[in-house]
Every structure is written in structure tokens, then in C-alpha cells.
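**Student:** Before I ask anything, let me first share the structure, which is written out below as C-alpha cells.
The values are calculated or read from the model by the stated rules, or taken from the named source; none is laboratory data. Given the structure is predicted, the values throughout are model-derived calculations rather than measurements. Cβ placement follows ideal geometry from the backbone for every residue including glycine, while neighbour counts extend to all protein chains displayed.
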Amino acid sequence: MVDRLDINAVDDAAWDQAVAREAVIRRLACKVSPNRSEFLQACRDLGLKRSRLYELISAYKARPLASSLLAAQAGTPRGSRRLPDEIEAVISKAIEDFYKSLQKPSINALQKEVRRRCSQRGLRAPCWTTLRDRVAAIDPRELTAAREGAKASRQRHHPVPGRYQVARAYEVVQIDHTLVDVMVVDRIHRKPLQRPWLTLAIDVASRMVAGFYLTLEPPSALSVALAIQHLVQPKLDWLESLGIDADWPAEGLPASIHVDNAKEFRSKAMKRGAEEYGISLQYRPIGAPHYGGHIERLIGTMMGAVHLLPGSTFRSIEDRGDYNSLAQSVMTLDELEHWLALEITRYHAERHRSLGIPPVAAWGEAYGRREAPLRRPFDPEGFRIDFLPSAKRMVRRDGIHLFGLRYWDDVLSLWAGRRDRQLRVSYDPRDLSTIFVRSPEGQRYPVRFADLRHPSITLAEHRRAQAILRDRGRALEDEDLLFAVIEEQRSLVDAASSRTREARRFSERRDRALDGVGAYEAEDADPGPQEDQAVFKNHPGFEVEEWS
């Protein structure tokens with residue numbers, strides 16, 4: 001266990017200050033002895049005394065996380081007094097109605113307006129510095145848009161449109177999703193299922209694939225989290241488990257991740273998780289698709305290779321012609337993942353048209369231009385959990401209730417029945433049998449179902465069972481009844497899976513979800529490459545290339 005703060009519970013102003021400090025202090029912490037002028041400049045930039053900056057550098061070296069810089073000021077100090085809610089409401093209203101206007105009033109003018117409104121209500125007016133701090137906490141883009149217009153905000157705060165150059169490895173990583181242009185089959189009956197979803201990440205400097213995640217589920221915060229985990233983790237052991245002997249050196253924490261504006265990229269867990277590890281999360285400006293050009297071209301390259309596979313759906317109906325994708329499909333999702341790993345390693349070794357050299361060689365050059373080695377997650381398991389969806393829950397006397405399910409562990413006895421405190425609960429939608437509970441001090445505890453007889457279930461199964469109970473007019477809070485319905489549905493799905501594609505699809509999603517979570521606990525032995533290739537060779541017209 002690693003003692004850490006609950007980063008999702010930290011006050012926004014305090015968290016933003018810690019993130020700003022982390023960017024400066026990280027540069028100083030990487031150096032054995034920063035020069036005096038650089039150190040003094042950091043003191044001025046952060047508004048800190050030298051002794052305080054030394055303390056923060058030492059704290060960051062011990063725990064290289066943004067949250068380690070919150071220790072002296074996370075939340076409101078005990079014993080301090082806050083402004084009454086009535087005064088806070090007056091300040092907020094005055095900022096919205098008066099300060100955020102095209103007349104661009106000054107802080108002094110805002111203070112006079114707040115003083116006037118407080119006087120009308122018989123309230124004590126706040127001081128000038130309080131108003132200055134409230135204004136400073138406003139998003140600059142939002143403030144500029146309100147006082148100068150949306151165009152001025154875009155020009156001042158958004159990246160300049162056009163092609164940009166990135167020199168160093170993992171300085172910028174782009175992530176996006178696509179439906180793969182091939183039909184996959186289930187693992188048991190080997191009958192057609194659907195087109196899977198692929199989440200890809202690319203290192204812009206080297207054009208190397210940073211990581212990927214393949215799934216039957218539509219894009220979600222979970223698929224993004226697992227793709228980020230793959231781009232950060234070393235690839236050697238994973239490649240060896242697939243029987244692939246290739247060099248894939250991309251690993252570590254990127255400086256910046258660029259994504260589009262889809263909702264799965266805007267979850268609080270995604271935002272806070274990125275900030276916790278010093279990763280800048282940048283969103284593509286609306287109406288500027290060229291900002292995602294590198295990942296779009298990589299997706300096009302991968303899909304061009306996929307079109308040669310049996311069961312390909314091609315780019316369009318016109319391209320497909322009379323080709324029957326369902327009848328020709330032969331690959332399971334596991335086999336497609338293996339094939340993609342091979343295709344990516346081949347792509348890394350071939351000359352890139354824009355770079356003039358292979359991506360793996362470009363990576364070596366781009367990495368050599370870095371001023372410091374790539375950072376690794378301070379706590380690898382915590383890194384995975386930090387990007388999972390979460391919710392706040394009170395610990396009742398009988399445990400924690402989430403999705404109508406009850407969880408218990410003896411460690412919860414410390415907080416059971418305390419209605420004045422909620423704890424942060426993270427969960428993996430692929431397996432609801434275990435949740436991860438954070439104590440007020442930041443320690444993380446895995447907590448399982450209170451009734452250990454219950455099997456592992458997915459969030460999709462749970463929602464489906466609740467819908468059935470709702471249709472039957474039964475109580476959704478009856479946990480035993482819920483699991484009975486899930487077992488009933490599993491039996492029906494397994495029985496029907498040989499007959500209907502929808503049943504096979506649901507069964508395959510369920511099994512892969514539960515298997516994927518189990519892989520974190522123990523790596524299952526994968527079949528060797530000869531065994532996988534034998535499956536491919538059974539289909540006429542599909543050739544397997546030898547990789548050295």
C-alpha cells in the first residue's frame with residue numbers, strides 16, 4: 001500500500017496550484033544541483049521562499065507525484081475560517097454579472113460592486129485580496145471569452161493551427177478509437193460476432209505506436225485507461241507471452257496526451273489521473289481535425305493492412321462488392337490482437353515515408369534528444385486504478401453499497417456507520433467482484449463482495465439483470481435475486497450461443513471482460529506462435545509471414 005491523498009477529493013484551487021508547482025519542481029528535481037539563477041527564478045515563479053522550495057523538492061523526490069506537493073496546503077487548514085455562504089454567493093454573482101463583461105472592469109471596480117451588494121444585504125464585504133484570488137481561480141479561456149469574445153480566447157489560449165514539430169520521444173502522444181474493418185468470431189463456436197473497437201496511441205516524434213487496446217465494447221473511459229496503461233508499461237514480457245521476438249521500446253509516462261472531445265476522454269478520473277502523474281491532457285480544438293493528423297494516418301495504415309485479412313469489411317460497401325465478410329471471418333479477438341502486435345512491430349521496422357527512417361530508429365534519435373530519461377509510474381498498480389471510474393460512498397454498518405451490491409472487509413470497521421465521511425470507491429466495469437476503497441489518508445484497500453459465494457460479474461451483466469427485474473416488477477435491491485437472474489441469463493446465453501450471433505456476442509464480451517481482469521492477478525500461458533498460426537493456415541488464402 002502507498003499512502004496517498006484522495007486526488008479526486010482535493011479542492012480544485014489547491015489541486016491546480018499543485019499541478020503548476022509539479023511542472024517547475026520536476027525540472028529542478030531531475031538535476032543533481034540546479035544553478036542558483038534557475039532556483040531563484042523558480043522561487044519567483046511559484047511565489048515561494050527558498051526554504052519552502054527546498055522542502056517541496058525533497059517531498060517530490062521521495063514521491064514524484066503532483067499530490068506530494070499538496071501536503072502543506074491540501075484543502076482548508078484546520079482552524080481557519082471560511083467566508084459565509086451568503087458572501088460567497090454575492091462574490092460569485094458579481095463575478096458572473098459584473099466582472100465577466102465586455103467592459104472589462106478592474107478588480108478595484110469589482111470590489112466596489114461587491115461592497116455595494118453586501119451593503120444592501122447587511123453583510124460584511126470581503127477584502128481586495130479575496131476577490132483577486134477568486135478571479136485568479138477562473139479558467140483563463142473562460143474569462144477571456146467572457147471579457148473579449150470567443151475569437152480572442154481561441155487565439156490566445158488554443159494551440160496555433162497548423163503542422164507542429166515534436167522533437168523528443170513521448171513529448172506528445174495522440175490517442176483515438178476506430179472500428180476495425182474486419183469481423184471476428186467467438187472462441188467456442190468460431191462463428192461471426194461483430195467488428196471490434198481498437199484504441200490506438202502514437203508517439204508523434206517517432207511515429208512509433210505507443211500502445212493499443214482491442215475490445216468488443218464501444219469506446220469508454222475504461223478502454224482509454226487500458227490503452228494508457230499499455231502505452232506506459234514495458235512491452236517485452238507481453239511480446240514474449242505472444243511468442244513475438246521484436247523490439248518495442250516505447251514505455252514510460254508521456255509529457256502530453258492529445259485527444260479529441262469525446263466524452264470518454266473527459267471523465268474526472270481521466271483528468272485527475274493525468275494530472276497526478278504530471279501528464280498534460282490536451283483536447284483537440286473543435287473544427288480543427290488536423291490536430292489529430294498523426295493518429296488518423298496511423299489508423300489508416302493499420303486498417304489498410306486489416307483489409308487483407310479474411311472477414312474484412314473494407315472501407316465501404318462499394319469496396320466490399322460481393323465479398324461476404326461474415327462467411328469469410330475466421331479470426332477470434334485474441335488472434336486479431338496477436339496479428340495486430342505482429343503488424344505493429346513490422347510497421348516499426350519499415351521505412352516511414354515522412355521520416356525517411358523506420359519508427360524504431362526514429363525513437364532512438366527522439367529519445368536521445370530528451371534532457372532526462374522517461375519517468376515511470378511511482379506506483380504501477382495505483383496508476384491503473386487511478387484511471388478507473390469512481391464514486392463516493394459512505395461506509396454503512398453492513399459495508400459499502402455500490403450498484404445495489406454490498407461489499408465488506410474488516411478494514412471498513414474503522415469507518416462503518418460514520419455518516420459524516422464518504423470514501424472514494426474505484427471499480428472496474430469488467431469485474432464488479434472487487435472494488436478499491438481509499439481511506440481518508442489515501443491508502444487503497446481492495447474490498448470484495450460481502451457474500452463471497454457470489455461469482456464475478458460485469459457491469460453490463462448487472463445492468464441487464466436490473467432491467468429484467470424492473471420489467472418483472474421485482475425489487476432491484478434484492479442482491480440474491482439479482483445474482484439469480486444473472487445466473488439464469490448466463491445459462492440462457494450459453495444455451496443460445498450456438499444459434500444466435502447476439503447471444504454469442506454477449507457471452508464473448510462477458511468472458512473476455514472477466515478474463516482481462518484476471519490477467520492482472522496472474523498471467524495465463526498463451527499458446528505458442530505455431531499453434532496460433534495453425535488456426536490461420538486452416539483458412540485458404542491467408543498467409544502467415546515469418547518474423548525474425
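**Student:** Consider Leu222 carefully, then state whether it is closer than 14 Å to Phe265 by Cβ and not small (Gly, Ala, Ser).
**Tutor:** Here the answer is yes, as Leu222 does meet what is asked.
**Student:** If you go through segment 238-252 one residue at a time, do you hit one that is touching a strand residue (DSSP E or B) at 6+ places or on another chain (Cβ under 9 Å), surrounded by fewer than 21 Cβ atoms within 10 Å (Cβ to Cβ) and either at pLDDT below 90 or under 28 Å from Ala18 (Cα atoms) (or both)?
**Tutor:** Yes: one or more hits.
**Student:** For the condition modelled with pLDDT under 90, in contact with a Cys (Cβ under 8 Å, 6 or more places away or on another chain), of a type outside the set (Phe, Trp, Tyr) and surrounded by 17 or more Cβ atoms within 10 Å (Cβ to Cβ), what is the one hit in Leu5, Leu65, Leu69, Leu53?
**Tutor:** Leu53
**Student:** Pairs needed: first member in segment 468-497, crowded, with 17+ Cβ neighbours inside 10 Å and at pLDDT 70 or above; second member anywhere, outside any helix (DSSP H, G or I) and not β-branched (Val, Ile, Thr); C-beta distance under 6 Å; at least 6 residues apart or different chains.
**Tutor:** Hits for this filter: Leu469/Leu476; Phe483/His454.
**Student:** Asp176 fails exactly one of the following numbered conditions: (1) out of contact with any helix residue (DSSP H, G or I) (no Cβ under 6 Å at 6 or more places or on another chain); (2) part of a strand (DSSP E or B). What is the number of that condition?
**Tutor:** Going through (1) out of contact with any helix residue (DSSP H, G or I) (no Cβ under 6 Å at 6 or more places or on another chain); (2) part of a strand (DSSP E or B) one by one, Asp176 breaks only (1).
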